[in-house]
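Remarks on the structure that follows.
The values are calculated or read from the model by the stated rules, or taken from the named source; none is laboratory data. All figures in this text were calculated on a predicted structure; none of them were measured in a lab. Counting neighbours? That spans all protein chains shown, and the Cβs are built from the backbone with ideal geometry, glycine included.
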Amino acid sequence: MIAVYFIGVVLSTFLIMEGVTWLTHKYVMHGLLWFIHRDHHQTEPGFFEKNDWFFVIFAVPSMLLILFGTIDNVWWMQAIGFGIMLYGAAYFLVHDVIIHQRFKLFSKSKNTYVRAIRWAHKMHHKHLDRHEGESFGMLCVHKKYWQKIKRDKQLMAASKVEYKPPSPEGEYKELSI
């Protein structure tokens, strides 16, 4: 039964981390610690950014929870630590690999989720300073970005566009694109 609780706590922690990430991103990264996060919005040369230190900031509590949970045999501490670690892995995959293409994988994806998350992040990065940002989450995408991508897909899928009302015979004049 402990295994079920363990998995439940890991998954709950993973889900809670999206809220923690949103709050941290909006109020800490775009607030007090902007001097670390700034280079992420204002491209500078090099593979690494000062912003990468946030990986360490989030990894430390995860490692400590796993360590002390293991030493003291406290399963829920381990589970929380693993939930944070799992979110960190997902964050790395989505943010660094899929969105920012630090590693050239998924670069031509037509997946709706991938395109929506990329568009939401693009809208976040259109603001080069720390004020007036939008879309501070990482894995959850606001409905307006999903709708935009779905509209784009529909427009791209249409091979013919109607440009004139139907003729008296009921036929449509069409323009091929």
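The lone criterion from (1) touching a residue at least 24 places away in the same chain (Cβ under 8 Å); (2) not in a helix (DSSP H, G or I) left unmet by residue 82 is number (2). With the structure loaded, tell me whether residue 13 is farther than 28 Å from residue 76 by Cβ and either surrounded by fewer than 13 Cβ atoms within 10 Å (Cβ to Cβ) or modelled with pLDDT of 90 or more (or both) or whether it fails that test. No; evaluated as a whole, the condition is false for this residue. Just one of the numbered conditions (1) under 15 Å from the mean Cα position of the chain (by Cα); (2) surrounded by fewer than 18 Cβ atoms within 10 Å (Cβ to Cβ); (3) at pLDDT 90 or above; (4) not polar (S, T, N, Q) is not true of residue 87: (2).
Let's see how each residue does on (1) exposed (fewer than 14 other Cβ atoms within 10 Å of the Cβ); (2) farther than 30 Å from residue 152 by Cβ; (3) not basic (Lys, Arg):
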position	(1), (2), (3)
4	yes, yes, yes
9	no, yes, yes
22	no, no, yes
26	no, no, no
64	yes, yes, yes
71	yes, yes, yes
109	yes, no, yes
115	no, no, no
119	no, no, yes
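Just one of the listed residues (105, 65) is over 22 Å from residue 30 (Cβ atoms), hydrophobic (A, V, I, L, M, F, W, C) and in a helix (DSSP H, G or I), and it is 65.
Of the residues making up the range 69-84, those that are over 17 Å from the mean Cα position of the chain (by Cα) and either closer than 14 Å to residue 121 by Cα or not small (Gly, Ala, Ser) (or both) are 70, 71, 72, 73, 74, 75, 76, 77, 78, 80, 82. Just one of (1) surrounded by 13 or more Cβ atoms within 10 Å (Cβ to Cβ); (2) part of a helix (DSSP H, G or I) fails for residue 56. It is (1). Look at the range 144-156: where a residue is closer than 14 Å to residue 113 by Cβ and a partner is assigned to a helix (DSSP H, G or I) and among the hydroxyl-bearing types (Ser, Thr, Tyr), sitting 6+ places away or on another chain with Cβ atoms under 8 Å, you get 146/112; 149/112; 150/112; 153/112.
Counting the residues of the range 16-37 that are among the β-branched types (Val, Ile, Thr), at pLDDT below 95 and within 18 Å of the chain's Cα centre (by Cα) gives 4. Once the range 125-162 is narrowed to residues that are modelled with pLDDT of 80 or more and within 21 Å of residue 19 (Cβ to Cβ), the residue that is surrounded by the fewest Cβ atoms within 10 Å (Cβ to Cβ) is 143. When the range 40-84 is examined, which residues are found to be at pLDDT 95 or above and in contact with a Ser or Thr (Cβ under 9 Å, 6 or more places away or on another chain)? Across the range 40-84, the qualifying residues are 77, 78, 79, 80, 81, 82, 83, 84.
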